[in-house]
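J.: My questions will all concern the structure given below.
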Amino acid sequence: MNNPIGTQTVSGAIALEVVIYPNQNRVYFPDNAVLRDKVIKHVDLCDEIVQSFSGMNITFPFSKMTFFEKKTQNRVLDAIPSEIFSTYNRNGNRLNLNHVFDLPMSYIDISNNQLTEPKCMLFVFWYVEKSVSSPINDKAAISVQNFELKLNQKRTYFSENNTLRDAKFRNIITSLPYKTAEGNEVINETTFVKAFLTLRRGNLQFFQNVPLYLFKQDRLAYWLSFENIKFDFTNSYIEVINPQASDFKSVFFNCIIEK
Amino acid sequence: MLQKSYRKMILQNLACFEIKIDSSSGRVYFNEDILHGKTIQHIWLFFSTQDKFIGNPFSGADDDSNFITQLDSFSDSTTFLNVVDKNGEYIFKNMEYSSLVLDCENQDNLAVIRSILINRQIDTNNTFFSCFLAPGYSYRFLMYVSYTTKKVEISDPVITGSFTCEIPILQDNRVQNFRLSDYIPKSYRNHKIKQIMCSSNREAEDNFFKFIKPTSYLEIKAENGYIEHIPTCLLTEQGKTINVYFDNIKIDFENSFLLYRGDSFEPIKESITFLY
């Protein structure tokens, strides 16, 4: 199979747990209200963290996945090896999709299930959410800005940001520098892999529990590409699983915005 | 929609700057006249790595000045790049360095692929690095700025011909400069070059990649452009995802050089293929 090259613009993302029980060989994806009619652009299998946003332990069994297209009931992807969606393997070079999936019909086949307790596979579905995005203007100037968030509890909301209020985001990039631009101490790798980002615009959560590590893009072949999304800082937050005092440091972001 | 800017990289001019910072540096300003009035396209930072030594193209001596900081050793420090345009508006505000990094080992020339297109003139007097460094440390890395002085000329990526030269690298000498005209017949010198591919015949010890990347720089003076100290490791064919194109440059081979700055435990050859 040829690796498609490039990345598509997206404007929504949701993390989805698929719980695997011992001795289960075929596991169906759960029905998810958000994804029912959404055009899926990319799917990530999050295999670089150990715990999901619910605190459940993550597993990566050798498996094959089958996705049905909702309208035609065609098998768009038939018994495709799960490592093709692995963020570790793909280095940001995501498979380009453009389908509405029938998730309750779609399933994962695990030939050799050796689990002794329930664990989950964690997927992120990147999709199109037109209500928070606007078309990209190729001729518009872009600018790189920065913002940061000092974690202080399990769920920490962003502070209002006057510079970036109503900005059109093309990308949000996190990194683990020695210190933030304001000189604050930055979270370490341990915190980084148990932190999840939720972005909201009004009442709409259009990025839900997306693992923070997906926004670290310094070693990726292709960066994420957002379709000029807008979000409310004071409604949006980072949540840390089982937080300890040592987790309460700052998260640093750069962002690319269209001017 | 696929992002068009990811598909190709056209270099018309490339400027290279040596950036030195130490723990006394809060801000390092970047006031270089050469960029005045030029339309800046991209900015990258270039580091050596722990596994692969590459020296400093600005140094002619095999001493400390020939040392480019290894990316791995920069983890206890950080620097943010701030760039403003002629109207005083930020193009980069506190851009963390890791998003701009190129290194001499990277298999896919990642930062080239995903680099941010600036396409504006910048105010070099108000462009600076702000630094947070561990006490007692000092670092030296290279900053590359690609820029245009006129409309891009190349329109057809199709290659119509090529020629190759092989340059023998002597043993036990980390600093070697070679004038390209010594290796290229005069009959080849009038072509407008679209691409340059470089390779080394040094075999990798682990045999995982058949050949390891070259450790040199090309300084190319052309009638219609200047490419300063481009690392030849960025011009290898291992990057499967993109090719770097030059803007139909007509090279002055008498004033163009290969600057070897790697380890040389054995005699090797570096070859340069010019495609037109």
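Please treat every number below as a calculation from the coordinates, not as lab data. Just so we're clear, the structure is a prediction, and the values are computed from it rather than from any experiment. When we count neighbours, we look across all protein chains shown, and the Cβ atoms used for this are built from the backbone with ideal geometry, even at glycine.
J.: Given points 7 Å out from each Cα along the Cα-Cβ axis, report the residue B:266 to residue B:22 separation in nanometres with one decimal.
T.: 4.0 nm
J.: Convert each backbone phi in the range A:152-168 into a coupling constant with the Karplus relation 6.51 cos²θ - 1.76 cosθ + 1.60 (shift: θ = phi - 60°), then list the ³J(HN,Hα) values in order as whole Hz, x for Gly and Pro.
T.: So the J values, rounded to whole Hz, are 9, 7, 4, 10, 10, 7, 5, 7, 4, 10, 5, 5, 9, 4, 6, 5, 9.
J.: Starting from the exponent 0.38 and prefactor 2.2 Å, build the expected Rg for the range A:186-259 from its residue count and divide its actual Cα Rg by it.
T.: Against the compact-globule rule of thumb, the ratio is 1.17.
J.: Quick one: B:49, A:190, fewest Cβ neighbours within 10 Å first, how do they rank? Each step should come with its number before you reach the end.
T.: On the way: B:49 17, A:190 11.
Going from least to most buried by this count: A:190, B:49.
J.: Take chain B, connect every pair of alpha-carbon atoms lying under 10 Å apart with a spring to form a Gaussian network, then pick out the residue of B:117, B:235, B:35 with the largest mean-square fluctuation.
T.: Per the Cα network of chain B with a 10 Å cutoff, B:117 tops the list.
J.: Here's a follow-up. So if I place +1 on the C-beta of Lys and Arg and -1 on the C-beta of Asp and Glu, and nothing else carries charge, what would the dipole magnitude of the range A:1-131 be about its Cα centre? I want it in debye, nearest 20.
T.: So the magnitude is around 320 debye.
J.: For a label point 7 Å from the Cα of residue A:48 along Cα→C-beta, name the residues of the range A:110-126 whose backbone N is under 17 Å from it.
T.: From the range A:110-126, the list is A:122-126.
J.: What's the long-distance tail for the range A:125-259, i.e. % of Cα pairs beyond 20 Å?
T.: Values: 3961 of 9045 pairs.
Tail fraction, whole percent: 44.
J.: Which residue, B:234, B:39, B:272, has the largest displacement toward the positive end of the dipole of chain B when charges sit on each Cβ (Lys, Arg +1; Asp, Glu -1)?
T.: Selected residue: B:39.
J.: Let me ask another. Which of B:164, B:79 has the fewest other C-beta atoms within 10 Å, and how do the rest follow up to the most?
T.: Final ranking by Cβ density, sparse to dense: B:164, B:79.
J.: Distance from the Cα centre of the range A:152-183 to that of the range A:64-138, in angstrom?
T.: If you average the Cα positions of each part, the centres end up 28 Å apart.
J.: Still on this structure, please answer the following. Kirkwood hydrodynamic radius for chain A: how many Å is it when counted over pairs of different Cα atoms?
T.: With all distinct Cα pairs of chain A included, I get 19.0 Å.
J.: Given the -39500 (n - 2.57) contribution per DSSP H run of 4+ residues, what per-residue ellipticity at 222 nm results for chain B, rounded to the nearest 500 deg cm²/dmol?
T.: -500 deg cm²/dmol
J.: For chain A, calculate the relative contact order in percent as a whole number, restricting contacts to Cα pairs under 8 Å that are 6 or more residues apart.
T.: The value is 29 percent.
J.: Let me ask something additional. May I ask which residue of A:116, A:169, A:206 lies farthest towards the positive end of the charge dipole of the range A:111-228, with charges of +1 (Lys, Arg) and -1 (Asp, Glu) on Cβ and the Cα centre as origin?
T.: Checked the options; the winner is A:206.
J.: Next up: Measure up A:154/A:230; A:38/A:119; A:130/B:194; B:52/B:269; B:192/B:269; A:179/B:38 against 29 Å on the Cα-Cα distance and list the ones that go over. List each step's numbers first, then the result.
T.: Working: A:154/A:230 24 Å; A:38/A:119 27 Å; A:130/B:194 41 Å; B:52/B:269 17 Å; B:192/B:269 25 Å; A:179/B:38 33 Å.
Among A:154/A:230; A:38/A:119; A:130/B:194; B:52/B:269; B:192/B:269; A:179/B:38, the Cα-Cα distance tops 29 Å for A:130/B:194; A:179/B:38.
J.: Here's another thing I want to ask about it. Assign unit charges at the C-beta atoms only (+1 for Lys and Arg, -1 for Asp and Glu), then state the dipole size of the range A:79-153 relative to its Cα centre in Debye, rounded to the nearest 20.
T.: For the range A:79-153, the charge dipole is close to 240 debye.
J.: Along Cα→Cβ, 7 Å out, is where each label goes; now give me the distance between the ones at residue B:160 and residue A:78 in nm to one decimal.
T.: With each label placed 7 Å out from Cα toward Cβ, I get 4.8 nm.
J.: If you plug each phi of the range B:167-183 into the Karplus form 6.51 cos²θ - 1.76 cosθ + 1.60 with θ = phi - 60°, what whole-Hz ³J(HN,Hα) values come out, in order, with x for Gly and Pro?
T.: 10, x, 9, 6, 6, 6, 8, 7, 10, 9, 10, 10, 7, 5, 5, 6, 10
J.: If you put +1 on each Lys and Arg Cβ and -1 on each Asp and Glu Cβ, how big is the dipole of chain B around its Cα centre, in Debye rounded to 20?
T.: Charge dipole of chain B: 1160 debye, to the nearest 20.
J.: Pop the C-beta distance of residue A:185 and residue A:89 into the FRET formula with R0 = 30 Å and round what comes out to the nearest 0.05.
T.: About 0.40, to the nearest 0.05.
J.: Using a simple spin-label model with points 7 Å from Cα along the Cα→Cβ vector, what separation in nm is obtained for residue A:60 and residue A:37?
T.: Here the answer is 3.7 nm between the modelled labels.
J.: Once you have the Kirkwood Rh of the protein assembly as shown from its Cα pairs, apply Stokes-Einstein at 10 °C and 1.306 mPa s and quote D in µm²/s.
T.: The Stokes-Einstein estimate is 64 µm²/s.
J.: Can you sort A:126, A:223 so the residue with the fewest Cβ neighbours within 10 Å comes first? Please report the intermediate quantities before stating the final value.
T.: Working: A:126 26, A:223 23.
Fewest-to-most ranking of A:126, A:223: A:223, A:126.
J.: Is chain B best put as rounded, prolate or oblate by its Cα gyration tensor, with a ≥ b ≥ c the root eigenvalues, rounded for a/c under 1.5, and otherwise prolate when a/b is larger than b/c, oblate when not?
T.: Since a/c reaches 1.5 but b/c is at least a/b, the shape of chain B is classed as oblate.
J.: For residue A:259 and residue A:112, FRET efficiency with R0 = 45 Å and r from the beta-carbon atoms, rounded to 0.05?
T.: 0.30
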